[in-house]
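The values are calculated or read from the model by the stated rules, or taken from the named source; none is laboratory data. What you see is a predicted model, and the numbers here were worked out from it, not measured in a lab. Every residue, glycine as well, gets a Cβ built from its backbone with ideal geometry; the counts of neighbours run over all protein chains shown.
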Amino acid sequence: MLVAQGAVAQDIDWPRLRLGRSGVLVQALVRRSTQGTIIRLREVGGRAEPVDLSLPGVTRATLTDLVERGLSPLPVQGDSFRVELRAYGYAAVRVE
């Protein structure tokens, strides 16, 4: 599912987002005009382990709560960063 405020998702030039393991769904990509893009993830494979994400052009990633308040910065190496996921858990990340 792609979510975009005020636009149909296919009308937006979304960058290529790669996930480093199976069992993780991208539930939403929400572009915020002044606050980057929110990526909402859901673990569906029953495995409590991190997922590596790769997104060309990303310079900063921040773990957020599900109402998009910043919780903690995530280290970005090149165009990749890692998000810890609990089994069947959710995560949200703001990228810029």
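If I filter segment 22-36 down to residues being farther than 14 Å from Leu53 by Cα and β-branched (Val, Ile, Thr), which single residue comes out as modelled with the lowest pLDDT?
For segment 22-36, the residue satisfying everything is Thr34.
Just to be sure I understand, how many residues within segment 32-56 are more than 15 Å from Val93 (Cβ to Cβ), surrounded by fewer than 14 Cβ atoms within 10 Å (Cβ to Cβ) and either without any contact (Cβ under 8 Å) to a residue 12 or more places away in the chain or basic (Lys, Arg) (or both)?
2
Residue by residue through segment 61-93, note down the ones that are part of a loop (DSSP other than H, G, I, E, B), touching a Pro at 6+ places or on another chain (Cβ under 7 Å) and either small (Gly, Ala, Ser) or farther than 15 Å from Arg21 by Cα (or both).
Correct list: Asp79 only.
Within segment 68-90, count every residue that is charged (D, E, K, R), under 14 Å from Ser54 (Cβ atoms) and exposed (fewer than 12 other Cβ atoms within 10 Å of the Cβ).
0
Test Leu19 against the criterion of being in contact (Cβ under 8 Å) with a residue 12 or more places away in the chain, among the hydrophobic types (A, V, I, L, M, F, W, C), within 16 Å of Glu96 (Cβ to Cβ) and surrounded by 13 or more Cβ atoms within 10 Å (Cβ to Cβ), and give yes or no.
No: the conditions fail for Leu19.
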